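What follows is a short report on a single structure.
Values in this text are rule-based calculations from the coordinates and carry no lab data. Treat the numbers as computed from the prediction; the structure is a model and nothing was measured. FYI the Cβ positions are ideal-geometry reconstructions off the backbone, even for glycines, and counts take in every protein chain you see.
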DNA sequence: GCGGCGCTTATACC
DNA sequence: ACCGGTATAAGCGCCGC
């Protein structure tokens, strides 16, 4: 029989000792379909150069006799055949070794340690990835599948055993999404119980609870017990039959919580289409997988794909929903949990439902991104929503190697990883030493995707790298580290990256002509992939790790930017700043600037391209806050600009740092605005004086003096007990669970006795106490504005009242 | 008890 | 452990006096 099919979820399984893959997706009518397909279980044995035909045949025979026994499974080599392949861009003779079960590939490969064998490869690729690589049944593409109906015990409309796969291209697909969210009595599932579970889908909203029945809210369903509630949750999910079950932080909280509570209630959480429970796996952070339904933790995808371009200071559902949807969480006062009245419960149900609603809306909003990631990288939705960018880069390469007839490199293991991690840092970007001051009429140039374009233009990668000086090779001077050499024959890494950049350009152009969320998402996915490629080269866990290549990228980028600075200087411009891929200089004629840009571009190698970032009306650079008063220099990575439309761009200043209090951030931002907009430092000074006065009169609102700092590790692991660690300890004493990554909020209070350390004055927001005038004046307010005003020769310390001056007796 | 300096820590820039 | 290096700055930790 023949059907049309779009793959959504993949899972491998064994049958009669052999590997199979089960793919869940939809057909053109929206029916849920299951495919079962076999897997070619094989790996590669790369032979040393110059072996005779008979020698190779002898090795094949030896390999064909290998047997491996594992508990409950026997694997043997089923057949071998010899191919001309490429490895690291070079032609090799390689034996393709087919075995009974791919899980034993490593063990079989270990036995092939003959002297004629150079390398063994492709035994360490996840089965589903390998399946997609070989059969090209890629996620979210449409296929015409021919196959026989297969008996199954899955909750699907049809199951086929695959005979033929034919790609019939891309078509739009809107997945059925169901969002869920739980509220619990305690953070730890071991001590708590689930109070309610909300579900939100298209024309679908429910809150399941066993706590209090509401007659006012038609979406609330009340059950006798937690057990019954969980059972109904499973039933409802199955009835809704979503393609995607989405939560926010659900890998870390909701799904494991429900699993633990199901166990405590001695019931099965059989959410899977195979009626099995979710499984939790994959490394450092657990991932909850449900068979046949793609469980997506929106938080994790946002973290890798969105966070670097987001303004939000945290990735909480509240902040993220606010930024991406313009909708916030509902308010609920958790302190009243112990003494809830009916209205409080109704409020709580609303709150819980709204979280699912936000999660659902976020899922709909970011679906184009998830979908484009999955299609471009060719990994399942489950994986691309959880993998980091290094895995994404690597998987994208793996899925493109076949075109180069290339055998994949192995993944590094313990010793190799340790070796790589022990390597010293190589020299990175160039940052120009700015001279403090206020500047007018500034141009910013920047290189478009500089590091990626350096990789492509100079062909830098593992497969093109050589330690030795060879003919026709590019030599890169790495200073103290010696020299690196790179072939001029294009390597697959550069070619793949160049394609990424090209495709990005193409869809960005298309997007500008005819905007659509899909095109934007596609362009963004290519951009992220390109931007992560350089980091990938220097990442210790990478298959195609190449430290000399990464160091060469940085070295050539430095050379490029320094040469360009020279060119701009030679044209008579004063260069005032530069960081990595951008150059700022003063101008008086835009036409001349553009002509110079054109001229520079004509001489740049390969795909390297210098772009006009913008013209700015005014900009300010400040001094570094050095302790020794001897040599004062300008601060790098700290400046503010205003463009011709009056839009400010603030970099590095306290204003953009979330670990400074709002008082300081707002004041500094206003000071910068007055100075850049009006060039009026006297007015700015007046504002500062006013603020100081208000501060001294204790008229500053409490929320403006709160300091928020992230806890980046468990409290016990801090070697230095800083104020935010004390705040964390105080929270813990109060019974608030301390989670890595959480922001702790505190303020610095007055103390009865004179205390030397800041941490001795730390108080939580709800603790009684006045803010410490001396601290907020001398450690917060003054430091944030003194170097800005100093540019105008104004010494704020002289302005501030003598009694509160820093260290003045 | 205090000054100085190195270290730890968080966060930003690109 | 889950992309790289460069940079600022605060506040502790600890030494010496």
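Binned at 10 Å from 0, what are the whole-percent values of the Cα-Cα distance distribution for the stretch A:303-422, short to long?
Spelled out per bin, shortest first, that is 11, 27, 26, 18, 12, 5, 1.
Which of A:799, A:68 has the fewest other C-beta atoms within 10 Å, and how do the rest follow up to the most?
The fewest-first ordering by Cβ neighbours comes to A:799, A:68.
Taking only the alpha carbons of the stretch A:1-92, what extent do you get along each of the three principal axes, in Å, biggest first?
In descending order, the Cα extents are 56, 37, 25 Å.
For residue A:188 and residue A:659 in one chain, what is 0.36 nm times their gap in residues minus the Cα-Cα distance, to one decimal in nm?
166.7 nm
Give me the orientation-averaged projected area of the Cα convex hull of the stretch A:92-171, in nm², one decimal.
8.0
Taking N as the number of residues in the stretch A:223-375, what is its Cα Rg relative to 2.2 N^0.38 Å?
1.11
Over the residues of the stretch A:182-241, compute the C-alpha Rg and express it relative to 2.2 N^0.38 Å.
My calculation over the Cα atoms of the stretch A:182-241 gives 1.12.
Rg to Rh ratio, the stretch A:214-285, alpha-carbon atoms and Kirkwood radius?
Rg/Rh for the stretch A:214-285 comes to 0.99.
Cα atoms only, the stretch A:267-326: Rg and Dmax in Å?
Rg, Dmax (Cα atoms, Å): 15.0, 43.
For the stretch A:64-87 and the stretch A:150-204, write down the distance between their C-alpha centroids in whole Å.
The stretch A:64-87 and the stretch A:150-204 have Cα centres spaced 37 Å from each other.
Going 7 Å from the Cα of residue A:222 in the Cα-to-Cβ direction, what parts of the stretch A:317-361 have a backbone nitrogen less than 19 Å from that spot?
A:337-353
For the stretch A:394-543, max minus min Cα coordinate along each principal axis, in Å, sorted largest first?
Rounded to whole Å, the extents work out to 49, 46, 35 Å.
With the Cα gyration tensor of the stretch A:458-599 in hand, give its eigenvalues times 5 under a square root as the equivalent ellipsoid semi-axes, listed largest first in whole angstrom.
So the equivalent ellipsoid measures 29, 26, 13 Å along its semi-axes.
So what is the 222 nm mean residue ellipticity for chain A from helices alone, if each DSSP H run of at least 4 adds -39500 (n - 2.57) and you divide by all residues, rounding to the nearest 500 deg cm²/dmol?
Taken over chain A, the calculation gives -10500 deg cm²/dmol.
Which semi-axes, in whole Å and largest first, does the equivalent ellipsoid of chain A have when worked out from the alpha carbon gyration tensor as the square roots of 5 times its eigenvalues?
50, 41, 24
List A:536, A:351 from most exposed to least, where exposure is judged by having the fewest other Cβ atoms within 10 Å.
The order, fewest Cβ neighbours first, is A:351, A:536.
Where does the stretch A:55-95 land on Rg(C-alpha)/(2.2 N^0.38 Å)?
1.49
Please state, as a whole number in µm²/s, the translational diffusion coefficient that the Stokes-Einstein equation yields for the stretch A:596-692 at 4 °C and 1.567 mPa s, with Rh defined as the Kirkwood radius across alpha carbon pairs.
Value of D from the Cα-based Kirkwood radius: 81 µm²/s.
Give me the Å³ per residue figure for the convex hull around the C-alpha atoms of the stretch A:30-164.
Looking at the stretch A:30-164, the number lands at 145 Å³ per residue.
Cα centroid distance between the stretch A:289-309 and the stretch A:643-692, in Å?
Centre-to-centre distance over Cα atoms comes out at 37 Å.
Could you sort the peptides A:723-732, A:381-390 by per-residue average Cβ neighbour count (10 Å cutoff), highest mean leading?
Most protected by this proxy first, the peptides run A:381-390, A:723-732.
Calculate the all-directions average of the projected area of the stretch A:665-757's alpha-carbon convex hull, and give it in nm².
Its average projected convex-hull area is 8.6 nm².
For the stretch A:760-799, compute the orientation-averaged projected area of the C-alpha convex hull (one quarter of its surface), in nm².
3.5
Report D for the stretch A:653-809 in µm² per second (integer): Stokes-Einstein, Kirkwood Rh on Cα pairs, 4 °C, 1.567 mPa s.
77
Please rank A:32, A:558, fewest neighbouring Cβ atoms within 10 Å first, as an exposure proxy.
Ordered by Cβ neighbours within 10 Å, fewest first: A:558, A:32.
Suppose the chain between residue A:767 and residue A:17 were pulled fully straight at 0.36 nm per residue; how much longer would it get relative to their current alpha carbon spacing?
263.6 nm
Could you please state, rounded to a whole Å, how far the C-alpha centre of the stretch A:555-613 is from the C-alpha centre of the stretch A:419-472?
Here the two parts' Cα centres lie 15 Å apart.
Regarding the stretch A:210-252, what whole-number volume in Å³ per residue does the convex hull of its Cα atoms give?
In the stretch A:210-252, the Cα hull volume divided by residue count equals 112 Å³.
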